[in-house]
Amino acid sequence: MAVSKNATLHHTGILVNDLEKSAEKLARTLSVSWNLWTITPDHCFVNGEPSPFSFKIGFAQVGGANFELISPHSGNSVYEEYLKLKGEGYHHSCFAYSDLESMQSAKEELNSQGHKMVQHGYTEGIFEFCVFELTEPNMLLELLYLKELPPPEKTIG
């Protein structure tokens, strides 16, 4: 199966230290509204090892895709590691799938190609995501299945 089959380009992820501060600034700069959530997967893995974490996200829709702001909240995650190494900025692009089976098939395909899964999280029946390191070019790709988001905890802009 092709990784992009049944996928849409869902978002571009921007890693930030302070989600609300960045959302406020970008709401003014880009004339967008940010919906904010705290995400706490029931099952979390970093570099293949169990590692409970949570993070905060904000989505701003632009056309048919989204910008995502993301910041670590608790535990150890690739977001925290990346901020320490590289600071704020572009983090990943995300392919989203309308059904869990397509997302898991894409995950298996990237694994079979030898790409390293650096983060994986899920809450059964609601969402699953995984982040892969791609080496040609050097980038991170997130695969996402999301049944639906609850109402946002906060909206900025």
Over its Cα atoms, what ratio of radius of gyration to 2.2 N^0.38 Å does region 17-148 give? 1.04
Rounded to one decimal in nm, the spacing of the 7 Å Cα→Cβ label points at GLU88 and GLU153 is 1.9
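For region 52-94, take the convex hull of the Cα atoms, compute a quarter of its surface area, and give me that in nm², please. List each step's numbers first, then the result.
Working: hull surface 13.2 nm².
Reported value for the Cα convex hull: 3.3 nm².
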Reachable lysines from LYS86, criterion Cα separation under 25 angstrom, eight or more residues apart if same chain: LYS21, LYS25, LYS56, LYS116
Gaussian network model of the chain, Cα springs within a sub-10 Å range: biggest mean-square fluctuation belongs to which of GLU128, GLU142, GLU68? GLU128
Please report how far the C-alpha centroid of region 32-79 lies from that of region 123-157, rounded to the nearest whole angstrom. 7
For LYS154, go through the aspartates and glutamates and keep the ones whose alpha-carbon is under 13 Å away, minus same-chain ones fewer than eight residues off. GLU20, GLU24
Cut-off under 13 Å on the C-alpha distance; same-chain residues fewer than 8 positions from LYS147 excluded. Which aspartates and glutamates are left, in chain and number order? ASP99, GLU101, GLU124, GLU128
Segments 145-151, 49-55, 72-78 sorted - mean Cβ within 10 Å per residue, highest first: 72-78, 49-55, 145-151
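Values in this text are rule-based calculations from the coordinates and carry no lab data. Since the model is a prediction, treat every value here as computed from it, not as a measurement. Glycine also receives a Cβ, built like all others from the backbone with ideal geometry; neighbour counts cover every protein chain displayed.
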